[in-house]
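The values are calculated or read from the model by the stated rules, or taken from the named source; none is laboratory data. Predicted, not measured: the structure shown is a model, and the values here were computed from it. As a convention, Cβ positions derive from the backbone with ideal geometry for all residues, glycine included, and neighbour counts pool all protein chains shown.
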Amino acid sequence: MALFLSTLLFGAQLILSASSHSIPNMLPRSGQHQYPYPVLGSDEAADYATTGYFINHFAISTRNLTASLDFYSRVLGFRKMFTLYVSKTYSITYLAHAHGGKNGTGYQTALELNREKNNAQGLLEIYYLDIPTNNIKSSSQHPNTFTHIGLVVPDAQKTQERLETMPDLKIVKKYGEKFTQLTDDLVIGPAVGLPPAIVA
């Protein structure tokens, strides 16, 4: 966790000069470039079919749930929404910031946080395996602690139909399918940052 914190702080230092100013005010004059400098994104609107899409949560795995909960709550101000015990050794914990306000007046109870779970943004999901061989390396050593991004869409079936028209995409688990219905050759384990044998 200390290693992650130092990486986080180092990353924050790198972007401090850019994020502390309005991006349009940092645009370089023609022919002059002084680092860091931004390149503005396109004004082209997103595909209309993606209206209502947003990122609900990021998911990570950990080998020390207690230390992770302490770090994200004490250092970054997250609050525990719930822990779902999937099995005797496997649990999923959700953390959130209160969305009632950003100035300290937006306190929400745990029930209120959970009521808004599927419409919230910026949640953190933590996978934990309580087993003796639990030796998940940190992302600085091997990039397998990041598991997935949870996306909220207005209509999952319509979204799947749209994605099926894109030949470069592969849908691993289709709408309505259970994990037990999937074939063994599909890579579900790494998709959630866990060994395939644990997920099966």
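Quick notes on this one:
- Among residues that are closer than 13 Å to Asn56 by Cα, of a type in the set (D, E, K, R) and not in a loop (DSSP other than H, G, I, E, B), Glu112 is not included.
- Criterion: part of a loop (DSSP other than H, G, I, E, B) and of a type outside the set (Asp, Glu) - qualifying residue of Lys80, Lys88: Lys88
- Among residues of the stretch 162-182, those that are modelled with pLDDT under 60 and surrounded by fewer than 11 Cβ atoms within 10 Å (Cβ to Cβ), counted: 2
- Residues (touching a helix residue (DSSP H, G or I) at 6+ places or on another chain (Cβ under 9 Å) and at pLDDT 60 or above) located in the stretch 130-143: Asp130, Ile131
- Residue identified as at pLDDT below 80, touching a helix residue (DSSP H, G or I) at 6+ places or on another chain (Cβ under 9 Å) and not β-branched (Val, Ile, Thr) among Phe78, Phe4: Phe4
- Residue match in the stretch 29-52 (condition: closer than 21 Å to Thr145 by Cα and among the basic types (Lys, Arg)): no
- Residue in the stretch 102-117 that is touching a Ser or Thr at 6+ places or on another chain (Cβ under 6 Å), aliphatic (A, V, I, L, M) and at pLDDT 90 or above present: no
- Enumeration of residues in the stretch 93-126 that are crowded, with 16+ Cβ neighbours inside 10 Å and within 18 Å of Thr147 (Cβ to Cβ): Thr93, Tyr94, Leu95, Ala96, Leu123, Leu124, Glu125, Ile126
- Residues satisfying the stated conditions in the stretch 35-70, i.e. loosely packed, with under 11 Cβ neighbours inside 10 Å and polar (S, T, N, Q): Ser42, Thr51, Thr66
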